[in-house]
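**Student:** Have a look at this one.
The values are calculated or read from the model by the stated rules, or taken from the named source; none is laboratory data. This is a predicted model, so every value here is computed, not measured. When we count neighbours, we look across all protein chains shown, and the Cβ atoms used for this are built from the backbone with ideal geometry, even at glycine.
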Amino acid sequence: MKTLATAAALTLVLCSGCRQIIYTESPRAGHYYLNPRANFPSVGRVVLLELDNLSARQDLSESLTQTLADELSKRHLFSVQKVMRSEPIWQTMNLDAVKSHSLEDLAAIRQTFGADAVLYGTIQRYVSFPHLQTGLTLKLIDLRSGQLLWAFEDVWDSTDKAVERRMQSFFKEQMRSGYEPMDWQILVTSPRAFERFVAWEVARTLPDLPHNAPVQTIEYRRRYLTP
């Protein structure tokens, strides 16, 4: 991640003929990618598939998927429909196959759910003791074209000072009161509160206005997003 952050801190100018493509730094650079050609206003409905879970906590995928759906809905960018593995349609449509980006599979999801995009990902890491830690990767795929719209990758560690500062800001903005005497430290001791913080940070990387959306570095795209 340090390499990505360093690369993103610089303005990269790539020449293709006489055209220049400029990549500028965005907040917490290196953790997410926004397709500069994506038409986000055309995405009215998103299917959120239950996250894959590589952690030892078996209920985490359901819990974090629900929390992520809640935080995405609060952005009012598009409607969100969750699909969980316990639902019969998961097996009927073989939704695990969506990662192959087969246009046939994507078209079937679009037709079945009336959606414009599908969001899926993996809980790469989860630790609850001696401190909270979560790692996530996510991708948002346009069901109409198979185009990558947005992708995210990050790890949160409650003992990291930078994460601690962001947790304090999150508490003041989103939770405020009713958690005395622990105050913002509820995020350090409560896995559910920490999940909400993680989902909130993910959701806020999506653009308010697509034409102002930041673009991550080519290095990040090549390293993490190339199939």
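**Student:** If we scan the range 39-47, do we find a residue that is hydrophobic (A, V, I, L, M, F, W, C), at pLDDT below 95 and either assigned to a strand (DSSP E or B) or within 16 Å of the chain's Cα centre (by Cα) (or both)?
**Tutor:** yes
**Student:** While we're looking at this one, here's another question. May I ask you to list the residues in the range 49-68 that are closer than 20 Å to GLN133 by Cα, modelled with pLDDT of 95 or more and among the aliphatic types (A, V, I, L, M)?
**Tutor:** LEU51, LEU54, LEU60, LEU64, LEU68 - these are the residues of the range 49-68 that are closer than 20 Å to GLN133 by Cα, modelled with pLDDT of 95 or more and among the aliphatic types (A, V, I, L, M).
**Student:** Could I ask something else about it? Restricted to the range 49-90, and to residues that are over 15 Å from the mean Cα position of the chain (by Cα) and of a type in the set (A, V, I, L, M, F, W, C), which residue is nearest to GLN124 (Cα to Cα)?
**Tutor:** Looking at the filtered set, the residue picked out is LEU54.
**Student:** Mind checking which pairs have a first residue in the range 117-140 that is charged (D, E, K, R) and a second that is part of a strand (DSSP E or B), Cβ under 7 Å, 6 or more apart or different chains?
**Tutor:** That search, which allows pairs on different chains as well, returns ARG125/GLN133; ARG125/THR134; ARG125/GLY135; ARG125/VAL155; LYS139/TYR120; LYS139/GLY121; LYS139/LEU148; LYS139/ALA151.
A quick yes/no check of all residues on (1) closer than 17 Å to GLY146 by Cβ; (2) in contact with a Lys or Arg (Cβ under 8 Å, 6 or more places away or on another chain); (3) modelled with pLDDT under 95:
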site	(1), (2), (3)
VAL13	no, no, yes
GLY30	no, no, yes
ARG85	no, no, no
LYS99	yes, no, yes
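**Student:** Among what's in the range 69-107 and is among the small types (Gly, Ala, Ser) and assigned to a loop (DSSP other than H, G, I, E, B), pick the residue that is surrounded by the most Cβ atoms within 10 Å (Cβ to Cβ). Don't jump to the end; show me each part of the working.
**Tutor:** Step one: of the range 69-107, the residues among the small types (Gly, Ala, Ser) are 69, 73, 79, 86, 97, 100, 102, 107.
Narrowing the set further to residues that are assigned to a loop (DSSP other than H, G, I, E, B) leaves 86, 102.
Numbers: SER86: 9, SER102: 12.
Taking the candidates together, the pick is SER102.
**Student:** Related question: Quick one: which of GLN111, GLN124 is in a strand (DSSP E or B) and either at pLDDT 95 or above or in contact with a helix residue (DSSP H, G or I) (Cβ under 6 Å, 6 or more places away or on another chain) (or both)? Walk me through it before giving the result.
**Tutor:** On the way: GLN111 fails: in a strand (DSSP E or B).
Exactly one of GLN111, GLN124 is in a strand (DSSP E or B) and either at pLDDT 95 or above or in contact with a helix residue (DSSP H, G or I) (Cβ under 6 Å, 6 or more places away or on another chain) (or both), namely GLN124.
**Student:** Regarding the range 171-191, can at least one residue be identified that is crowded, with 20+ Cβ neighbours inside 10 Å, of a type in the set (D, E, K, R) and part of a helix (DSSP H, G or I)?
**Tutor:** no
**Student:** While we're on this one: Would you point out which residue out of LEU106, LEU95 is more than 16 Å from LEU138 (Cα to Cα) and in contact (Cβ under 8 Å) with a residue 12 or more places away in the chain?
**Tutor:** LEU106
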